[in-house]
Each structure stands twice: as C-alpha cells, then as structure tokens.
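Step one of this worksheet: look at the structure below.
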Amino acid sequence: MKIMAIGTLKPLTPEQQRTYMPTEVPATLKLYLDGKMEQFWLRDNNAGVIFLMTVDSVEEADALLKAMPLGGANLLTFELMPVGPLTPLGMLITHQEASVKRAVG
C-alpha cells in the first residue's frame, strides 16, 4: 500500500534543532533503506516534509512516523493519505484493446 504522508513541522527553537535533527535524519534514512519510504521532499519554506511510503496499512505508517524523533515529540505531525494507480486509465487500455480487436478481427 502506498501512503502519501504530508508532514507539518512546528517551528523549532535552535535548541530543538540541535536536539532532534541529528537523530531525525538517520531515522528517515533507515526507513528509506528498509523500503518503507520511497521518496521524500521538503515542503516550501521549510513548512514540513512529504513522504511517499510503502507500508501494509495507514496504521503502520502512523506508527513509524510517530516513532521518529520529531514525530514522537509531536513537533512533526502528518496527514496520511492512501494513494494508488489512477484507475480510470484502465478504461483507455480497455478501449484500445477493443479497437485493436475490431481492426484485426
């Protein structure tokens, strides 16, 4: 299952940055190396992050994100959206296959 996790970062004090960022970045990298996070982006103006995750459920994504340093401190919160293929595109394939069958048949 693919999950788009849109994170909103609360403003961090310099002390919070020194406390959390040295462990947040490796935690993000670990999720990437474990195959749980496919892609990641920084939102404009450092408002937060966006992660494309591959997990078994929304609950798993939530648990993984809350286990990270900023998530555990409630400094980075996420809106989690399951995403998948654009299924109406299948109509184009069905339409194309029907056209080919008519042309060949």
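The values are calculated or read from the model by the stated rules, or taken from the named source; none is laboratory data. Quick caveat, the model's predicted, so the values are computed rather than measured. Cβ atoms come from the backbone with ideal geometry, glycine included; neighbour counts cover every protein chain shown. For the accessible areas, the whole protein counts, side chains as well, though only heavy atoms, and no ligand, DNA or RNA atoms are used. Shrake-Rupley method; radii C 1.70, N 1.55, O 1.52, S 1.80 Å.
Data table
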{"quantity": "Average silhouette area of the chain, convex hull of alpha-carbon atoms, in square nanometres", "calculated": "8.9"}
{"quantity": "Candidates VAL58, VAL49, VAL25, ranked by Gaussian network fluctuation over the chain, Cα under 10 Å, top entry", "calculated": "VAL25"}
{"quantity": "Amide H contacts under 5 Å for GLY48, placed H, 5+ residues apart", "calculated": "LEU9, ARG43"}
{"quantity": "3J(HN,Hα) from dihedral phi, the stretch 31-48, Karplus parametrisation 6.51/-1.76/1.60, rounded to Hz, x for glycine, proline", "calculated": "4, 5, 5, 7, x, 8, 10, 8, 9, 8, 9, 9, 6, 3, 6, 6, 6, x"}
{"quantity": "Approximate spin-label separation ASN74-GLN16, in nm, with each point projected 7 Å along Cα-to-Cβ", "calculated": "1.2"}
{"quantity": "Note, ³J(HN,Hα) from phi for the stretch 51-59, Karplus 6.51, -1.76, 1.60, rounded to Hz, x at Gly and Pro", "calculated": "10, 9, 10, 10, 9, 7, 7, 4, 4"}
{"quantity": "For the stretch 11-68, the spread of Cα positions along each principal axis, largest first, Å", "calculated": "36, 22, 19"}
{"quantity": "Highest-MSF residue in the chain out of MET91, MET53, MET81 [GNM, Cα springs under 10 Å]", "calculated": "MET91"}
{"quantity": "Percent breakdown of C-alpha pair distances by 10 Å bin, ordered from the shortest bin, for the stretch 40-80", "calculated": "28, 58, 14, 0"}
{"quantity": "Residue list for the stretch 4-31, given a label point 7 angstrom along the Cα-to-Cβ vector of ASP62 and an amide N cut-off under 18 Å", "calculated": "4-8"}
{"quantity": "With Cα atoms, 0 to 90° folded angle of helix 89-104 axis to the chain main axis", "calculated": "20"}
{"quantity": "Inter-label distance, nm, simple model (7 Å from Cα along the C-beta direction), ILE50/TYR32", "calculated": "1.7"}
{"quantity": "Label-point gap, in nm, between ILE93 and PHE40 - each point 7 angstrom along Cα→Cβ", "calculated": "3.2"}
{"quantity": "Surface share of carbon and sulfur [accessible, 1.4 angstrom probe, percent] for the chain", "calculated": "63"}
